[in-house]
Amino acid sequence: MTLMQKFLGAAATLALSAGAALAEPALIFDLGGKFDKSFNEAAHNGGQRWADETGGTYREIELQSEAQREQALRRFAEAGANPVITMGFAMADPLSQVAADYPDTKFVAVDVTWLDAPNVRQIGFAEHEGSYLVGMMAAMASKSGTVGFVGGMDIPLIRHFGCGYAQGVKAVNPDATIVANMTGTTPSAWNDPVKGGELTRAQISQGADVIYAAAGGTGVGVLQTAADEGILSIGVDSNQNHLHPGSVLTSMLKRVDVAVYEAMKAGTDVETGVFVLGLADEGVGYAIDENNAALVSDEMKAAVDDARQKIIDGELEVTAYYTNDSCPVLDF
């Protein structure tokens, strides 16, 4: 096996053998791995759905370090993968260096919307809208009047989640207390469930009885500790209700799986440009299934669905953290 084959992993090894088609897609998972039960796993699910439906194969890599970002982009492009799909805002700088060198390769960047690159499809999400809805649910479910938020890496994107959540909480209960913590300032903050559990216990000690985790793999520790301590949690990105049935109030869905699936389905014809998916596009939302149905009252669902429609219709505006790099109702 060549060094390139080792680098690209088993999927790439199979693809490179027997003269696989040059237009095979590739998927670069962010730090935290494809089975983080959150952001990356949603991407994995989208890729697998495409593979299951079409019988096709795609190449993939789970990044282990920052240094691999540009290297992975170049190696996939040179191997003929198209489109090359990347996960996470941290791929922006490497893409800005690499995309121009491969003008015939289409790149798809999830969570990146600010590049000047004609061969890149940039996909963002209105996370603040979905977070507003689960914030409303948190406030309605809370008995203490105090709810929590645990973010992953302290970046504007995660503050964007927290700000929407806080606005939803305050819309239901203007007197509510919101306890917010970030896990860290480096990429390791995405995959530290132990720290997630510690932050959860600290917020519980301050009275929080519902905690929203927007922290990738770290959130698994938040949800576990919340279940152990007998409070409610809210999952993120993927539907995490099943991880602790009866303890996860809901999950804020960010349809990364759909973004990846649609990109692979379009193949080399994928449309480039900037696309932001919100409630109207079903790019974000909240999850109800058999694992949390008993926790969501008819009153709660009616209130949230009403707010959802008002946001779609433009009658209700949720302030984005990005507007002024600040949140009107929460100091991080």
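Here is how the numbers come out for the structure above:
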item: 2 or more residues of a type in the set (F, W, Y), surrounded by 24 or more Cβ atoms within 10 Å (Cβ to Cβ) and touching a strand residue (DSSP E or B) at 6+ places or on another chain (Cβ under 9 Å): qualifying strands (runs of 3 or more DSSP E) within region 13-119; result: none
item: Selection within region 126-146 - in a loop (DSSP other than H, G, I, E, B) and over 20 Å from the mean Cα position of the chain (by Cα); result: S142, K143, S144, G145
item: Residue list for region 281-303, filter: β-branched (V, I, T) and farther than 19 Å from F125 by Cα; result: I288, V296
item: Residue within region 55-71 that is at pLDDT below 95, closer than 27 Å to G219 by Cα and of a type in the set (D, E, K, R) present; result: yes
item: Residue check for S205: polar (S, T, N, Q) and crowded, with 24+ Cβ neighbours inside 10 Å; result: no
item: Verdict on V256 being under 28 Å from E290 (Cβ atoms) and either over 16 Å from the mean Cα position of the chain (by Cα) or surrounded by fewer than 19 Cβ atoms within 10 Å (Cβ to Cβ) (or both); result: no
item: Residue within region 230-250 that is of a type in the set (A, V, I, L, M, F, W, C), within 19 Å of G145 (Cα to Cα), surrounded by fewer than 24 Cβ atoms within 10 Å (Cβ to Cβ) and not assigned by TED's automatic domain parsing to the domain that holds N82 present; result: yes
item: Flag for N45 being farther than 20 Å from D269 by Cα and either modelled with pLDDT of 95 or more or under 15 Å from the mean Cα position of the chain (by Cα) (or both); result: yes
item: V194 over 20 Å from E129 (Cβ atoms) and either surrounded by fewer than 21 Cβ atoms within 10 Å (Cβ to Cβ) or out of contact with any strand residue (DSSP E or B) (no Cβ under 8 Å at 6 or more places or on another chain) (or both); result: yes
item: Members of region 147-198 that are part of a loop (DSSP other than H, G, I, E, B) and not hydroxyl-bearing (S, T, Y); result: D154, I155, N173, P174, D175, A176, N191, D192
item: Answer residue from region 127-173, given it is polar (S, T, N, Q) and out of contact with any Asp or Glu (no Cβ under 6 Å at 6 or more places or on another chain) and is farthest from M91 (Cα to Cα) among those; result: N173
item: Pairs with Cβ under 7 Å, 6+ apart, first in region 302-327 and over 16 Å from T250 (Cβ atoms), second not in a helix (DSSP H, G or I); result: K310/L316; I311/L279; I311/V318; I312/L279; I312/A280; T319/P328; Y321/C327
item: Complete set of residues in region 267-291 that are without any contact (Cβ under 8 Å) to a residue 60 or more places away in the chain and among the hydrophobic types (A, V, I, L, M, F, W, C); result: A280, A287, I288
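Conditions tested, residue by residue: (1) loosely packed, with under 12 Cβ neighbours inside 10 Å; (2) modelled with pLDDT of 95 or more.
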{"residue": "K265", "(1), (2)": "no, yes"}
{"residue": "E271", "(1), (2)": "yes, yes"}
{"residue": "D289", "(1), (2)": "no, yes"}
{"residue": "M300", "(1), (2)": "no, yes"}
{"residue": "V304", "(1), (2)": "no, yes"}
{"residue": "K310", "(1), (2)": "no, yes"}
{"residue": "Y321", "(1), (2)": "no, yes"}
{"residue": "N324", "(1), (2)": "yes, no"}
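The values are calculated or read from the model by the stated rules, or taken from the named source; none is laboratory data. These numbers come from a predicted model, not from an experiment. With ideal geometry, Cβ positions are generated from the backbone for all residues, glycine too; neighbour counts draw on all protein chains shown.
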